[in-house]
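Have a look at the structure below before the remarks.
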Amino acid sequence: SQKIEQNSEALNIQEGKTATLTCNYTNYSPAYLQWYRQDPGRGPVFLLLIRENEKEKRKERLKVTFDTTLKQSLFHITASQPADSATYLCALYNFNKFYFGSGTKLNVKP
Amino acid sequence: DTEVTQTPKHLVMGMTNKKSLKCEQHMGHRAMYWYKQKAKKPPELMFVYSYEKLSINESVPSRFSPECPNSSLLNLHLHALQPEDSALYLCASSRDKGLAGGSGELFFGEGSRLTVL
């Protein structure tokens, strides 16, 4: 089965800096990979999708990269704000199923 | 309307009770999902319905019984649960399975927080 690793330690950064979160996977390269934001006690909210043949995707202050050789996706938030504080989950799609990582908690300090 | 609505938000039940969780979406989505999430853990897939038919059961114990009465509704019937079943139960929907028809985005509800005593 697919194993997905995200940094389990919280990432603490200063407002205005760029946050970089990592998602590593083993075994099968997914058809595509998504990033979600989850606030405490709430359901995840979709942010970005990147396909296996795409290297990079951007949306406003968000950027996702996908390296199938390294089996890794990086998620960047530029000009971070305290409102960006949340847990960020990556999700991989294989064999008609989504596999989620356990998420990385981002704390943006004013 | 881009919402997935789950009820109840909180549920406390004993191990001998029978209860149900409900999920509703009016986005015309044809795939619906149940996920279970424990604290600081990723959402774990339980069931997938596609076009109102059960297409994936992730070897979930029979004390959890899903039902899809129509394309907008998804239920999860609970019976004889164990304390370790206490978790946040998330319902999600997508336009179709995979990337068919769109970004494959999963729309999640707010979840039902279940406590089994």
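The values are calculated or read from the model by the stated rules, or taken from the named source; none is laboratory data. What you are looking at is a predicted structure, and each value in this text was computed from that prediction instead of being measured. Virtual Cβ from ideal backbone geometry, glycine too; neighbours counted across all protein chains shown.
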Note to self: Could you check the stretch A:60-110 and list, in sequence order, the residues that are among the aromatic types (Phe, Trp, Tyr) and surrounded by 14 or more Cβ atoms within 10 Å (Cβ to Cβ)?
What the structure shows: A:66, A:75, A:88, A:93, A:98, A:99, A:100
Checklist line | Verdict on residue A:16 being exposed (fewer than 13 other Cβ atoms within 10 Å of the Cβ) and modelled with pLDDT of 95 or more | finding: yes
Item checked: Those residues of the stretch A:10-33 which are in contact (Cβ under 8 Å) with a residue 60 or more places away in the chain, at negative phi and of a type outside the set (A, V, I, L, M), in sequence order -> A:12, A:14, A:15, A:17, A:18, A:22, A:23, A:25, A:28, A:30, A:32
Item checked: Qualifying residues in the stretch A:50-59 (those that are surrounded by 14 or more Cβ atoms within 10 Å (Cβ to Cβ) and among the charged types (D, E, K, R)) - the one farthest from residue A:4 (Cα to Cα) -> A:57
Note to self: Just checking, does the stretch A:81-100 include any residue being at pLDDT 95 or above, acidic (Asp, Glu) and over 19 Å from residue B:40 (Cβ atoms)?
What the structure shows: yes
Checklist line | Failed item in (1) within 11 Å of chain B (Cβ to nearest Cβ); (2) part of a loop (DSSP other than H, G, I, E, B); (3) in contact (Cβ under 8 Å) with a residue 24 or more places away in the chain, with residue A:105 passing the rest | finding: (2)
Item checked: For residue B:20: the one exception among (1) surrounded by fewer than 19 Cβ atoms within 10 Å (Cβ to Cβ); (2) within 15 Å of residue B:116 (Cα to Cα); (3) touching an Asp or Glu at 6+ places or on another chain (Cβ under 6 Å) -> (3)
Next item on the list: Determine if the stretch B:95-112 includes at least one residue that is away from every other protein chain (no Cβ under 13 Å) and in contact (Cβ under 8 Å) with a residue 12 or more places away in the chain.
Entry: no
Check: In the stretch B:95-111, is there at least one residue being among the hydroxyl-bearing types (Ser, Thr, Tyr) and surrounded by 15 or more Cβ atoms within 10 Å (Cβ to Cβ)?
Finding: no
Note to self: What's the total number of residues in the stretch A:43-102 that are assigned to a strand (DSSP E or B), of a type in the set (Ser, Thr, Tyr) and facing chain B (nearest Cβ under 10 Å)?
What the structure shows: 3
Check: Residue check: is residue A:36 surrounded by 17 or more Cβ atoms within 10 Å (Cβ to Cβ) and at pLDDT below 90?
Finding: no
Note to self: So, in the stretch B:42-62, how many residues would count as being more than 9 Å from chain A (Cβ to nearest Cβ), assigned to a loop (DSSP other than H, G, I, E, B) and not hydrophobic (A, V, I, L, M, F, W, C)?
What the structure shows: 5
Check: Would you say residue B:31 is under 29 Å from residue A:88 (Cβ atoms), within 14 Å of chain A (Cβ to nearest Cβ) and out of contact with any Ser or Thr (no Cβ under 8 Å at 6 or more places or on another chain)?
Finding: no
